[in-house]
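Read-outs throughout are calculated quantities, based only on the coordinates presented, and are distinct from any laboratory measurement. These figures come from a predicted structure and were not determined experimentally. Positions of Cβ are generated from backbone atoms using ideal geometry, with glycine treated the same way; all protein chains shown enter the neighbour counts.
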């Protein structure tokens with residue numbers, strides 16, 4: 001079962017024009033093809049197979065996104081429980097609003113904490129954006145070709161286009177102390193390797209950015225408690 005995408009309960013499904021998803025998985029950390037059409041707000045919550053949802057009577061946004069099978073399983077908890085979620089989130093740094101891919105941690109009592117990683121890429125469309133892109137209509141997909149449970153396209157798929165150029169990567173440098181009192185690089189290695197499994201990552205060099213980003217986002221979202229913990233308040 002998909003975890004809730006919104007904190008608000010004022011979410012309802014809307015009828016509207018269907019649209020294509022993909023061709024690549026919308027998880028910003030993934031480069032695989034999108035084989036599943038995933039309903040962000042589950043059908044049971046909005047009582048139907050809706051491509052659109054309205055939030056708090058104000059925002060209308062697409063409710064379907066493309067995922068590869070592995071990422072779909074992480075979202076729905078099919079194998080080994082939930083490892084990720086798609087959440088409607090406002091970035092506290094720049095106010096960017098949209099659907100974010102989030103890692104999750106579930107405590108022993110079942111309470112889920114969400115750690116936003118990055119915006120889905122691409123984002124589900126708005127009605128205006130879809131109207132401006134006639135080619136986005138999914139006129140070539142029949143509902144009889146789609147699995148009624150997960151939305152998986154079961155018909156034969158056309159040959160995939162050549163993969164797009166890889167995502168551009170940059171190196172972010174940080175100076176660390178390296179003296180008799182403290183070896184900063186070793187300290188960071190240990191901290192990152194310990195945190196990575198909590199966010200669902202292997203402790204590899206390529207995953208370190210996402211561990212650091214999630215940890216900083218958590219500290220940013222609850223600054224007061226974070227600062228108090230550093231000062232030993234409540235200890």
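Taking neighbour Cβ counts within 10 Å as the exposure measure, how do 15, 67 sort from fewest upward?
On the way: 15 8, 67 32.
By the 10 Å Cβ count, ascending, the order reads 15, 67.
Using only the alpha carbons of the range 184-231, what is the convex hull's orientation-averaged projected area in square nanometres?
The orientation-averaged projected area of the Cα hull of the range 184-231 comes to 3.7 nm².
From zero up to wherever the largest Cα-Cα distance of the range 80-120 sits, split into 5 Å bins and tell me the percent of pairs in each.
6, 25, 27, 20, 13, 7, 2
For 65, 97, which order do you get if you count the other beta carbons within 10 Å of each Cβ and list the fewest first?
Numbers: 65 26, 97 13.
So the ranking, lowest neighbour count to highest, is 97, 65.
Neighbour counts of other C-beta atoms within 10 Å: give me 39, 82 arranged from fewest to most.
Ascending Cβ contact count within 10 Å gives the list 82, 39.
Classify the range 1-128 as rounded, prolate or oblate, taking a ≥ b ≥ c as the square roots of the eigenvalues of its Cα gyration tensor: rounded when a/c is under 1.5, otherwise prolate if a/b is larger than b/c and oblate if not. Write down the numbers at each step before the final one.
Working: a/c = 1.31, a/b = 1.16, b/c = 1.13.
Cα axes put the range 1-128 in the rounded bin.
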